[in-house]
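Student: First the structure, then my questions, so here it is.
The values are calculated or read from the model by the stated rules, or taken from the named source; none is laboratory data. Treat the numbers as computed from the prediction; the structure is a model and nothing was measured. Note: ideal-geometry Cβ built from the backbone for every residue, glycine included; neighbour counts use all protein chains shown. Just so you know, the surface numbers come from the protein's heavy atoms only, side chains and all, with ligands and any DNA or RNA stripped out. Shrake-Rupley method; radii C 1.70, N 1.55, O 1.52, S 1.80 Å.
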Amino acid sequence: MASGAYSYGGGGNHAQQQPYYDPEFAHPSSQSTPAPPYGASQGGHEYSHGSAQKHNQPGRPSPFDSVFDDNAYPSGSRHNTPGGGTPQPGYYGDTGYYGQGASPAASRPNLNDDIPLQDRTAKDGDMNDHVYDANAPKPGGKRRGNIRVGELGMIGAGTKRIPFVVYLFSVIQAAVFIAEIVKNGTPSNPLCAASLVADLLSRNLHGLPHHD
Amino acid sequence: MIKPQFNPMIGPSTQVLINMGARYAPCMHNIKAIQGATADRPILFLCPNATTNTAICPLSTLCGFGGVPDPIFDGNADQTPAPDQWFRFIIPIFMHAGIIHIGFNLLLQLTVAKEMEQAIGSIRFFLVYMSAGIFGFVMGGNWAAPGIASTGASGSLFGIIALTLLDLLYSWSERRSPVKDLMFIILDMVIAFVLGLLPGLDNYSHIGGFLMGLALGICVLHSPNSLRRRLDEGSAYSAVHGGQGLGPPFFKDPIGFFKGRKPLWWAWWIIRVAVLIGIIVVFVVLLKNFYADRSTCEWCKYLSCLPIKDWCDLGVIKDPNAH
């Protein structure tokens with residue numbers, strides 16, 4: 001049942017609707033609802049948002065309503081609907097669909113051709129363009145080329161974990177190496193790195209065997 | 001560094017390295033040429049602080065760490081108790097033979113290995129690093145010349161390089177230039193292998209570490225990216241799993257972990273288990289060979305030396321050389 005967070009005027013066409021939000025209908029694309037009956041009774045008329053032409057009880061929202069609808073346009077405003085306006089739901093049956101099997105051409109038999117929305121729908125085949133499917137992956141075409149030379153392709157690479165093991169082992173290895181040098185014996189101060197290196201080099205390079 | 005023999009790595013003498021824990025087979029098991037020698041032609045060892053070829057000490061002094069049973073040179077190669085400093089498979093991971101040696105290894109470790117650890121996490125990294133390193137020394141213990149003292153983290157680092165190769169293969173289609181990446185890795189391996197043929201460098205560490213890294217990588221890394229996409233799995237090694245295809249974490253729900261899984265998921269896990277069993281088997285076989293069977297392979301040393309001058313004689317225990 002609808003949550004009672006809004007109110008409708010009963011019956012008839014209403015110019016204004018109060019804005020509402022009904023969580024039941026917050027995801028119109030996931031619902032498939034039948035098209036409302038369009039017929040001569042509706043032809044050429046303005047239509048009001050939602051409730052007036054549907055078979056619903058007063059106070060209950062129309063299944064064809066959508067949270068994305070702009071309820072600000074009264075019935076007479078058909079001709080100055082803004083170009084970027086949202087598609088009027090009653091016209092298409094429900095918020096995302098043309099209705100069952102209906103196509104744009106079929107469902108607007110009585111409308112003036114110079115409504116800007118017509119052009120828009122002619123080239124925009126998918127009326128779900130404002131519904132975002134967060135889980136849909138991008139097509140594979142974008143995938144190639146993301147990972148450059150030298151980078152890891154592993155998902156999770158590039159995270160900023162601290163590499164404890166590498167740091168710890170590097171410290172241990174450096175310390176052990178210094179201990180090796182000390183144990184090997186050096187005449188000068190073992191803590192002086194420069195003299196250490198000089199000592200090592202002199203010990204090794206002086207005695208280089210001659211290769212022929 | 002040059003006494004009693006020149007150390008090309010610019011570092012301490014071999015005897016110091018042995019005394020501090022290098023992989024050195026005479027301290028780890030009976031060797032036919034040593035324990036099997038007779039008293040009139042004993043094998044002699046240099047002291048840890050030797051600077052000449054005449055400073056002779058018992059094996060026990062050279063080995064250090066509380067000593068080993070000295071060979072009694074009665075011709076019996078199966079002397080008991082035998083030397084058994086098993087930790088010489090592990091300690092040398094943290095030792096290096098010289099400045100050049102530690103310089104190259106730390107460079108690799110602080111770049112490639114650091115990134116790898118950031119990618120896969122510390123536990124997996126530690127597992128691969130230590131296993132690859134130990135396995136490299138186990139291989140060397142079995143097949144390198146017995147008198148060679150071996151140190152270095154190269155085996156471990158080669159295991160990590162194997163992980164980068166696996167990562168490349170798993171994400172091949174997402175790479176900008178996968179062939180170039182592959183060329184880099186191959187070049188790296190070739191250079192290291194060639195360098196390993198020089199005297200003083202133990203190629204068995206490299207080879208063994210690389211093989212173990214490949215095998216363990218299959219076990220502990222995520223599945224190939226193409227497989228992950230097909231299984232629609234989560235994308236991180238973190239504890240919080242994403243993706244619709246993942247089940248509950250294993251420890252929270254061991255049975256549920258296996259429910260509803262696709263055949264490909266099972267196939268990859270079976271491969272992983274098979275490889276893991278293979279690793280354990282190979283480890284056991286090689287250790288058994290080292291301690292019990294001790295079958296040797298005469299040509300194996302050529303994987304780690306070039307038959308130039310007397311390079312391949314390095315480490316071969318001959319009498320009456322004072323090693």
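Student: Could you tell me which of the residues B:Ser150, B:Ser171 is touching a Gly at 6+ places or on another chain (Cβ under 7 Å) and more than 12 Å from every other protein chain (Cβ to nearest Cβ)?
Tutor: The conditions single out B:Ser150.
Student: Moving on. Go through (1) part of a helix (DSSP H, G or I); (2) open to solvent by less than 30 Å² (accessible area, probe 1.4 Å) one by one and return the number of the condition B:Val194 breaks.
Tutor: Result: B:Val194 passes all but (2).
Student: Out of B:Ile134, B:Ile99, B:Ile123, B:Ile91, which single residue is at the interface with another protein chain (Cβ under 8 Å from one of its Cβ atoms), aliphatic (A, V, I, L, M) and open to solvent by 20 Å² or more (accessible area, probe 1.4 Å)?
Tutor: Sole residue among the options that is at the interface with another protein chain (Cβ under 8 Å from one of its Cβ atoms), aliphatic (A, V, I, L, M) and open to solvent by 20 Å² or more (accessible area, probe 1.4 Å): B:Ile99.
Student: Something else: Taking region B:24-57 only, how many residues are within 28 Å of B:Tyr204 (Cα to Cα) and assigned to a loop (DSSP other than H, G, I, E, B)?
Tutor: Let us first name the residues in region B:24-57 that are within 28 Å of B:Tyr204 (Cα to Cα), namely B:24-37, B:43-50, B:53.
Next, from what is left, pick out any that are assigned to a loop (DSSP other than H, G, I, E, B): B:24, B:28-31, B:36-37, B:43-44, B:47-50, B:53.
Looking only at that region, the number is 14.
Student: Sort out for me the helices (runs of 4 or more DSSP H) sitting completely within region B:93-179 that have 2 or more residues that are under 11 Å from the mean Cα position of the chain (by Cα).
Tutor: B:122-143, B:154-170
Student: Could you list all residues from region B:1-14 that are open to solvent by less than 10 Å² (accessible area, probe 1.4 Å) and modelled with pLDDT of 85 or more?
Tutor: Result: B:Gly11, B:Pro12, B:Ser13.
Student: Working only within region A:164-199, note down all residues that are surrounded by 18 or more Cβ atoms within 10 Å (Cβ to Cβ), touching a Ser or Thr at 6+ places or on another chain (Cβ under 8 Å) and either at pLDDT 95 or above or hydrophobic (A, V, I, L, M, F, W, C) (or both).
Tutor: Answer for region A:164-199, where residues must be surrounded by 18 or more Cβ atoms within 10 Å (Cβ to Cβ), touching a Ser or Thr at 6+ places or on another chain (Cβ under 8 Å) and either at pLDDT 95 or above or hydrophobic (A, V, I, L, M, F, W, C) (or both): A:Val165, A:Leu196.
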